[in-house]
1. How far is helix 2-60 tilted, in degrees, relative to the longest principal axis of the Cα atoms in the chain, given as a value from 0 to 90 rounded to the nearest 10?
2. For the range 1-158, what relative contact order do you get, as a whole percent, if you take Cα pairs closer than 8 Å and at least 6 residues apart?
3. Of the accessible area of the range 87-160, with the probe set at 1.4 angstrom, what percent is carbon plus sulfur?
4. Helix-only estimate, please: 222 nm mean residue ellipticity of the chain, summing -39500 (n - 2.57) across DSSP H runs of length 4 or more and dividing by its residues, to the nearest 500.
5. Distance in nm between label sites at His34 and Glu89, each 7 Å beyond Cα in the beta-carbon direction?
6. Among Thr71, Thr133, Thr148, which one shows the biggest mean-square fluctuation in a GNM of the chain, springs joining Cα atoms closer than 10 Å?
7. Which percent of Cα-Cα pairs in the range 5-78 sits in each 10 Å bin, short to long?
8. Would you mind telling me which residue in Ala50, Ala97, Ala60 has the biggest mean-square fluctuation in a Gaussian network model of the chain, where springs connect alpha carbons within a distance under 10 angstrom?
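The values are calculated or read from the model by the stated rules, or taken from the named source; none is laboratory data. Predicted model, so just to flag it, every value in this text is computed and none were measured. Note: ideal-geometry Cβ built from the backbone for every residue, glycine included; neighbour counts use all protein chains shown. To get the accessible areas, we keep the full protein, side chains included, count just its heavy atoms, and leave off ligands, DNA and RNA. Shrake-Rupley method; radii C 1.70, N 1.55, O 1.52, S 1.80 Å.
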Amino acid sequence: MSTRLETLQRLMNLYAAVEQMHSTELQRITIAVHEAQRAIEMEQSVAQTARTDGREALSAGDRAGWMMSETQQETAGWRTQRLEKIRLERQELSDAAREQYVASRLKKEQMKRVYEEMERRTAVEEGRRAQSTSDDLFLSRRRWTDATEMAEENEHMKAS
């Protein structure tokens, strides 16, 4: 039975390693999503700054400055759109990684319960074996004692 427990222990360790691998992958992808979100926020900040600069350039009558700010706004808008696509792709990957992690965690927990149940059964069976051995020893001593007493009684009866 101990070889079964050892095998289950190895399987449980394997499931734990797979869960850890999926956890690490989920963390990596989640960080990538956050990086994309920060890049989007930075581009939005650049666009906001360009709008402010454009208004100031218009107020000052600086046509070249206004055109430069318009170009910066458009460029920031394009980058924001491209980054949003990247963020959505990464979010999908993150969702898939989360599902995979949850599934591997459930499998690990199931394997842990199987191992604990097998461990409990093994302990009960070993207890039964020990009790059976103890009972057998007690009965064999009892038989020997009874046989010895019977032989002594027979000798005593023959002597009288």
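1. In the chain, helix 2-60 runs at an angle near 10 degrees to the longest axis.
2. 35
3. Result for the range 87-160: 52 percent of the exposed heavy-atom area is carbon or sulfur.
4. Working: 2 runs with 156 residues, N = 160.
That calculation yields -37000 deg cm²/dmol at 222 nm.
5. 2.2
6. Thr148
7. Pair shares across the bins are 19, 23, 15, 13, 11, 9, 6, 3, 0.
8. Ala60
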